[in-house]
Amino acid sequence: MTADQLSKMTDEQKRIKIAELCGLDVIYDPVGPQDRPDAWKNGWFTPLAAKERRVFWPSSSVVKVVPDYLNSLDAMHEVKKCLKCHSSEKLTFVLNLARTLGMADPSTSAYNGLEDYWLISNATPSQEADAFLMTMLP
């Protein structure tokens, strides 16, 4: 996925796409999917569906909401665990994060060592989410 394609997605679309890429069963219907009546037990509701469902089921243990990846470092920490351990995904993620931050490619002489490392280690959840989507979507 290119940065231009990514800019056309809403934050909600990004959030749901990340959840799906990480294997969460995302539920759009507040009643729950009619073809899978037990899906609500393990599924994760979109924020809108969760809001409507909480009218009838106020307990958060009954209504799990897709994590707010774009604003939570904890959620993004879990997302990064989805990157395959022994593959090029982790390197690609770091390179995409560097691009998202406007940094020079670390393999070039323009790379600024510690300062660039500091930028990467202090990236916002939104920047990490964008890099993850660019890594995982062709």
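The values are calculated or read from the model by the stated rules, or taken from the named source; none is laboratory data. Please read all numbers here as calculations on a predicted model, not as lab measurements. Here the Cβ is made from the backbone with ideal geometry for all residues, glycine too, and neighbour counts use every protein chain on show.
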**OP:** Could you grab me the full set of residues in region 1-20 that are touching a strand residue (DSSP E or B) at 6+ places or on another chain (Cβ under 7 Å) and either charged (D, E, K, R) or in contact (Cβ under 8 Å) with a residue 60 or more places away in the chain (or both)?
**Re:** E20
Original post:
Condition test on A129, is it on the phi < 0 side of the Ramachandran plot, at pLDDT 90 or above and either among the charged types (D, E, K, R) or part of a helix (DSSP H, G or I) (or both)?
Top reply: yes
Original post:
farther than 12 Å from A129 by Cβ, at pLDDT below 90 and touching a strand residue (DSSP E or B) at 6+ places or on another chain (Cβ under 9 Å), is that true of A98?
Top reply: no
